[in-house]
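Trainee: Mind having a look at this structure? Questions to follow.
The values are calculated or read from the model by the stated rules, or taken from the named source; none is laboratory data. Source: prediction; values computed, not measured. Here the Cβ positions follow ideal geometry from the backbone for every residue, glycine too, while neighbour counts run over all protein chains shown. In case anyone asks, the SASA skips ligands and DNA or RNA and just uses the protein heavy atoms, side chains included. Shrake-Rupley method; radii C 1.70, N 1.55, O 1.52, S 1.80 Å.
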Amino acid sequence: QVQLVESGGGLLQAGDSLRLSCLASGHTFTITAMGWFRQAPGKDHEFVATIAWSGPSTYYADSVKGRATISRDTAKNTVYLQMNSLGPEDTAVYYCAAQAAGMSTSRDGYNYWGQGTQVTVSS
């Protein structure tokens, strides 16, 4: 089992930046990739970004490409999501997720999920 704990959400203004962190614990040796998803009120989970646990591969949703950066520190078992130029459309609960096989942009590919952290962006 892998446990994930997100941090770094909060109330922000349009144009601000944020940095979310996700600390993994437990059987982290089983992780092949970690990702960020978000869920806005009344909407389904939306893929944001993913990163391979080893190696340089990253993928981003078109909605955040160019203003988001996903990174990891495997020594700290932590993944980060840096987002710039935030807008109200970025308001959502942001979830960290971990995969035990492969690397996916689909929610179904992830085995473990954090509890989520609320990000609210006011205009």
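Trainee: Averaged per residue, what accessible area in Å² does the chain show with a 1.4 Å probe, protein chains only?
Mentor: 50
Trainee: With equal scatterers on the alpha carbons only and no solvent term, can you work out the Debye log10 of I(q)/I(0) for the chain at 0.15, 0.21, 0.22 1/Å?
Mentor: -0.59, -1.17, -1.28
Trainee: Is there a quick way to get the dipole size of the chain? I mean about its Cα centre, with the Cβ of Lys and Arg at +1 and of Asp and Glu at -1; what is the value in debye to the nearest 20? Before the final figure, lay out each step's value.
Mentor: Working: 8 positive and 9 negative charges, 43 e Å.
For this selection, approximately 200 debye.
Trainee: Further, regarding this structure: What is the percent carbon and sulfur in the accessible area of the chain, measuring with a 1.4 Å probe over the protein chains and ignoring ligands? Can you show the working numbers first?
Mentor: Numbers: 2870 of 6110 Å².
Taking all protein chains in place, the chain shows 47 percent carbon and sulfur surface.
Trainee: Something else: Find which of Val79, Gly55, Tyr94 sits farthest along the positive direction of the dipole of region 48-96, computed with +1 on the beta-carbon of Lys and Arg, -1 on that of Asp and Glu, about the Cα centre.
Mentor: Highest projection toward the positive end goes to Gly55.
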